[in-house]
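*Asks:* The structure that follows is given in the form of structure tokens.
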Amino acid sequence: MSKTTVKDVSAESEPERAVPTPRTVGGSRAFALMLVITGAAGLLAAWIITIDKQKILEGKLSGKTFTPSCSLNPIVSCGSVMDSKQAVVFGFPNPLLGLVCYGIVICVGMSLLARATFPRWYWLTFNFGTLFGVCFVTWLMFQSLYRINALCLWCSLAWAATIVMFWYVTSFNVRNDFLPAPRPVKNFLAEFTWVLPVTHCGAIVMLILTRWGSSLWA
């Protein structure tokens with residue numbers, strides 16, 4: 001009489017399931033250089049404004065008046081902007097925030113040049129940072145044109161740098177499916193991302209010319 005054995009399958013270990021790893025993406029050399037250049041431009045502007053702000057404060061303490069080199073006339077007057085209440089929105093001089101944030105942008109660009117890759121959450125966080133930056137410089141632009149009634153050239157450089165990096169980082173995330181967008185938008189950004197920052201900066205130039213016109217150079 002044959003003996004039938006029953007296999008105890010409960011004692012067998014289940015095959016391990018592969019855990020999908022999050023997709024990481026790096027940027028092209030051109031994209032990395034764009035971040036380094038715009039970050040450096042913003043950092044330069046923030047650094048010079050910080051130095052001039054310090055000299056203005058030192059002048060006030062010693063009873064003297066320091067005039068920044070970019071103060072060309074009553075309209076193009078960096079000193080008027082640096083002396084305004086809008087220049088210390090968070091309780092400390094705005095350029096100190098720029099020294100940190102633009103430094104981070106440079107670090108990201110340099111990492112991409114070294115062929116680093118980052119996951120979706122990293123790129124979205126970076127995109128949120130540039131969004132905050134472009135919203136902040138838009139508010140500063142409005143204050144400069146319609147409340148302070150003066151224009152700071154170094155501030156304008158920081159505005160332009162922030163606008164360029166925001167649009168290119170947003171385009172990067174859309175084209176890599178980190179941000180949802182219809183196919184026509186992706187196709188447009190694949191070829192014509194440059195149109196967005198050019199149009200944005202052009203609109204600001206038009207607002208400045210409409211606000212002051214030839215008085216800028218008087």
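*Asks:* Got at least one residue in segment 203-215 being over 22 Å from the mean Cα position of the chain (by Cα) and surrounded by 14 or more Cβ atoms within 10 Å (Cβ to Cβ)?
*Replies:* For segment 203-215, residues over 22 Å from the mean Cα position of the chain (by Cα) and surrounded by 14 or more Cβ atoms within 10 Å (Cβ to Cβ): present.
*Asks:* For segment 147-154, check the following and say yes or no: at least one residue is within 17 Å of the chain's Cα centre (by Cα) and within 16 Å of GLY98 (Cβ to Cβ). Don't jump to the end; show me each part of the working.
*Replies:* Filtering segment 147-154 for residues within 17 Å of the chain's Cα centre (by Cα) gives 154.
Next, from what is left, pick out any that are within 16 Å of GLY98 (Cβ to Cβ): 154.
So far as segment 147-154 goes, yes, one or more of its residues are within 17 Å of the chain's Cα centre (by Cα) and within 16 Å of GLY98 (Cβ to Cβ).
*Asks:* Looking at (1) touching a Gly at 6+ places or on another chain (Cβ under 9 Å); (2) at pLDDT below 95, which one does TRP217 not meet, given that it meets all the others?
*Replies:* (1)
*Asks:* So which pairs qualify, if the first residue must be in segment 128-143 and assigned to a helix (DSSP H, G or I), the second must be among the polar types (S, T, N, Q) and surrounded by fewer than 17 Cβ atoms within 10 Å (Cβ to Cβ), the Cβ gap must be under 7 Å, and the two must be at least 6 apart or on different chains?
*Replies:* LEU140/GLN86; GLN143/GLN86
*Asks:* For SER71, indicate whether it is more than 18 Å from THR138 (Cα to Cα), among the hydroxyl-bearing types (Ser, Thr, Tyr) and out of contact with any helix residue (DSSP H, G or I) (no Cβ under 7 Å at 6 or more places or on another chain). Talk me through it step by step, then tell me what you get.
*Replies:* On the way: more than 18 Å from THR138 (Cα to Cα): yes; among the hydroxyl-bearing types (Ser, Thr, Tyr): yes; out of contact with any helix residue (DSSP H, G or I) (no Cβ under 7 Å at 6 or more places or on another chain): no.
Criteria not met by SER71.
*Asks:* Determine if segment 108-117 includes at least one residue that is in contact with a helix residue (DSSP H, G or I) (Cβ under 6 Å, 6 or more places away or on another chain), within 18 Å of THR162 (Cα to Cα) and in a helix (DSSP H, G or I). Lay out the reasoning, then the answer.
*Replies:* Here is the first cut: in segment 108-117, the residues in contact with a helix residue (DSSP H, G or I) (Cβ under 6 Å, 6 or more places away or on another chain) are 108-109, 112-113.
Filter once more, so that each one left must be within 18 Å of THR162 (Cα to Cα): 108-109.
Add one more test, that the residue is in a helix (DSSP H, G or I), and what stays is 108-109.
Looking for residues that are in contact with a helix residue (DSSP H, G or I) (Cβ under 6 Å, 6 or more places away or on another chain), within 18 Å of THR162 (Cα to Cα) and in a helix (DSSP H, G or I), one finds at least one in segment 108-117, hence yes.
*Asks:* Taking the criterion of being part of a loop (DSSP other than H, G, I, E, B), modelled with pLDDT under 90 and closer than 18 Å to TRP47 by Cβ, would at least one residue in segment 75-90 satisfy it?
*Replies:* No, because not a single residue in segment 75-90 is part of a loop (DSSP other than H, G, I, E, B), modelled with pLDDT under 90 and closer than 18 Å to TRP47 by Cβ.
*Asks:* Contact list please: Cβ distance under 6 Å, first residue in segment 39-67 and more than 17 Å from LEU151 (Cβ to Cβ), second residue of a type in the set (S, T, N, Q) and loosely packed, with under 12 Cβ neighbours inside 10 Å, pairs at least six apart or on different chains.
*Replies:* Listed by first residue and then by second, the contacts come to GLY59/THR65.
The values are calculated or read from the model by the stated rules, or taken from the named source; none is laboratory data. Small disclaimer: the values here were computed from a predicted structure and weren't measured. Here Cβ is always computed from backbone atoms with ideal geometry, including for glycine, and neighbour counts include all displayed protein chains.
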